Amino acid sequence: MRFHVVTIFPDFFGSILEHGLLKRALAAGEIEIRIHDLREFTDDPHRTVDDRPFGGGPGMVFKPEPIFRAVEQIRADSADPSWPVILLSPQGRLLTQAVAEELARHRGLILICGRYEGVDERVATHLTSDELSIGDYVLSGGELAAAVVMECVTRLVPGVLGNEESAQQDSFGEGQAILDCPHYTRPAEFRGLKVPEVLLSGNHREISRWRRRQSLEKTWRRRPELLAGLSLTAEERAMLEEMERARVTPAPR
Ligand code: SAM
């Protein structure tokens, strides 16, 4: 997987690439990340990337020319024309685990980070293949959003996690939008707080049943809207019915 990121703040990505998963995946050659300074694609002495909005109003807007040039150059140098060109934008489709899985099927992604009031609309309509939002809130720039996309897609690149199972068991794993079960580690008792007995039992069937029930219950309490999309076994349906019957009122988070 190769990521190309177009940004006016190339240094922003320094520490993100020097820690944890992205660092390991880069070192192992499982991913490549190329950061492109948008100002390198300007043609004036001031390296201007933005201008005032037509029609007036506050703020500045990224000009189309440097972004078009950047993407055309990246494509000419190293990118397959079929790779998605993604504009990070609060107006884009929401990044979910399912979208991350879809993106991870590509060999590369070109990510464009906006700033200020945003990006000239012709970039969205005539250059990019997708617009992605990381949530219904507004950031000052697309860099954090690009980092989020790279991190969650990298986790899905085969071989990166080592233990493939752990990605599948995460919340939203296995194509199932269900929250992960609680996890515990040593000590078995901490300040009087005990780990659930079943996890110490060694009974793997019971442990797996307990985990599934916990996942369902967490989802039922916190994200009940997700349950509609699940394909449940008869046993799981019975578990949910039992929760409903017990009238466990959804607790505050
Ligand atoms: N005026 C724009 C609007 O209301 O849609 C917001 C522009 S925002 C201040 C500047 C840049 O930050 C955007 O062009 C985009 O690249 C990035 N950005 C902000 N929020 C984002 C989000 N939720 N997801 C992805 N990118 C975001």
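Per-structure values
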quantity: Residue match in segment 182-189 (condition: surrounded by fewer than 12 Cβ atoms within 10 Å (Cβ to Cβ) and within 16 Å of the ligand (Cβ to nearest atom)); calculated: no
quantity: Candidate set: segment 2-12, residues that are surrounded by 15 or more Cβ atoms within 10 Å (Cβ to Cβ) and out of contact with any helix residue (DSSP H, G or I) (no Cβ under 7 Å at 6 or more places or on another chain); chosen: the one farthest from residue 77 (Cα to Cα); calculated: 10
quantity: Among residues of segment 31-46, those that are surrounded by fewer than 17 Cβ atoms within 10 Å (Cβ to Cβ) and in a loop (DSSP other than H, G, I, E, B), counted; calculated: 4
quantity: Which numbered condition residue 110 misses (of (1) surrounded by 20 or more Cβ atoms within 10 Å (Cβ to Cβ); (2) part of a helix (DSSP H, G or I)); calculated: (2)
quantity: Condition broken by residue 56, with the remaining ones in (1) among the small types (Gly, Ala, Ser); (2) within 21 Å of residue 150 (Cα to Cα); (3) modelled with pLDDT of 95 or more satisfied; calculated: (2)
quantity: Enumeration of residues in segment 103-118 that are within 11 Å of the ligand (Cβ to nearest atom) and in contact with a Ser or Thr (Cβ under 9 Å, 6 or more places away or on another chain); calculated: 111, 112, 113, 114, 115, 116, 118
quantity: Qualifying position, being touching a residue at least 40 places away in the same chain (Cβ under 8 Å), on the phi < 0 side of the Ramachandran plot and among the aliphatic types (A, V, I, L, M), among 193, 144, 200, 156; calculated: 156
quantity: From 24, 69, residue being surrounded by fewer than 18 Cβ atoms within 10 Å (Cβ to Cβ), under 17 Å from residue 112 (Cα atoms) and of a type in the set (Lys, Arg); calculated: 69
quantity: Candidate set from segment 79-97 (those that are more than 15 Å from the ligand (Cβ to nearest atom) and crowded, with 19+ Cβ neighbours inside 10 Å); member that is farthest from residue 133 (Cα to Cα); calculated: 79
quantity: Pair list, Cβ < 8 Å and 6+ apart or interchain, from segment 118-138 residues that are over 20 Å from residue 95 (Cα atoms) and assigned by TED's automatic domain parsing to the domain that holds residue 68 to residues that are in a loop (DSSP other than H, G, I, E, B) and more than 6 Å from the ligand (Cβ to nearest atom); calculated: 120/63
quantity: From the options 76, 70, 100, residue that is more than 14 Å from the chain's Cα centre (by Cα), under 28 Å from residue 18 (Cβ atoms), away from the ligand (no atom under 12 Å from the Cβ) and not in a strand (DSSP E or B); calculated: 70
quantity: Cβ-Cβ under 8 Å pairs, at least 6 apart or on other chains, segment 13-34 side at pLDDT 95 or above, far side among the hydroxyl-bearing types (Ser, Thr, Tyr); calculated: 13/7; 21/154; 22/154; 25/154; 30/154; 31/154; 34/78
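The values are calculated or read from the model by the stated rules, or taken from the named source; none is laboratory data. Note that this is a predicted model, so its numbers are computed, not measured. Don't worry about glycine lacking a Cβ; one is built from the backbone with ideal geometry, like all the others, and counts go over all protein chains shown.
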